[in-house]
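Take a look at the structure below.
Please treat every number below as a calculation from the coordinates, not as lab data. What you see is a predicted model; the values in this text were computed from it and never measured. Cβ placement follows ideal geometry from the backbone for every residue including glycine, while neighbour counts extend to all protein chains displayed.
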Amino acid sequence: MFDSDNVVTLAGPEFAGCRIATYADLVTPQMFAAAAGRMKVIHRGLGDPHNLATIADIEPGCLSVDAGASLIRQWNQEGRHQPTAYHDRNDWSEVDAKLAGVPHFTWAATLDGNCSPDGKRPDAVQILNADKVGLHVDLSIVWNDKWFPLPAGPSAGQVHAVKAAYLAFQQAGPHLAALIDAL
């Protein structure tokens with residue numbers, strides 16, 4: 001998964017088909033719709049004008065642990081899909097304590113390449129920042145597909161039907177070419 005404060009970067013072709021995330025104060029409903037189920041929206045304390053956020057960014061300069069936990073409780077009451085606490089190692093214990101018994105997912109930040117911080121396996125872990133990735137994005141590993149499932153692709157039956165139609169067209173090609181030449 002890639003996250004960025006640059007929504008133009010996330011819309012680039014290199015991220016087509018990938019999980020992406022950006023901030024609620026930057027995203028528009030059109031961007032969200034265009035991502036077709038591949039985008040998570042992060043509330044970093046600068047507002048959520050379109051009510052799309054499901055991730056509370058709990059870190060210095062963003063949301064406090066109390067404010068993030070309060071948002072996650074509110075989102076659960078509203079029925080928002082998959083409320084998530086994003087935090088670093090320093091806040092993990094406090095976030096867990098404040099959200100004890102509250103349904104939520106965990107996205108932990110290490111930014112040091114560690115995929116299993118402190119021996120724990122969060123739903124997702126942010127392992128590299130943009131400097132290490134080489135693009136204006138941070139990189140995360142999603143361990144729990146139930147947290148952020150990618151939209152389903154075509155079924156095996158649909159793929160088979162397209163292949164069969166393609167083969168039939170290939171076989172009919174010479175006949176169609178002869179008919180066109182005869183016109």
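The slack between ALA67 and ASN129, meaning 0.36 nm per residue of separation minus the straight C-alpha distance, is 19.8 nm. When the convex hull of its Cα atoms is viewed from all sides, the chain shows a mean projected area of 15.0 nm².
Using a Gaussian network model of the chain in which every pair of alpha carbons under 10 angstrom is joined by a spring, one finds that among VAL41, VAL133, VAL142 the greatest mean-square fluctuation is at VAL133.
Placing dummy labels 7 Å off each Cα toward the beta-carbon, the span from GLN77 to ALA182 is 7.5 nm. Only lysine pairs 8 or more places apart or on separate chains count here, and in the chain those with Cα atoms under 26 Å apart total 8.
Label separation (GLN30 vs TRP143): 3.9 nm, computed from points 7 Å beyond Cα along the C-beta direction. Note on the chain: with a GNM built from Cα contacts shorter than 10 Å, the maximum mean-square fluctuation among ALA109, ALA35, ALA16 falls on ALA16.
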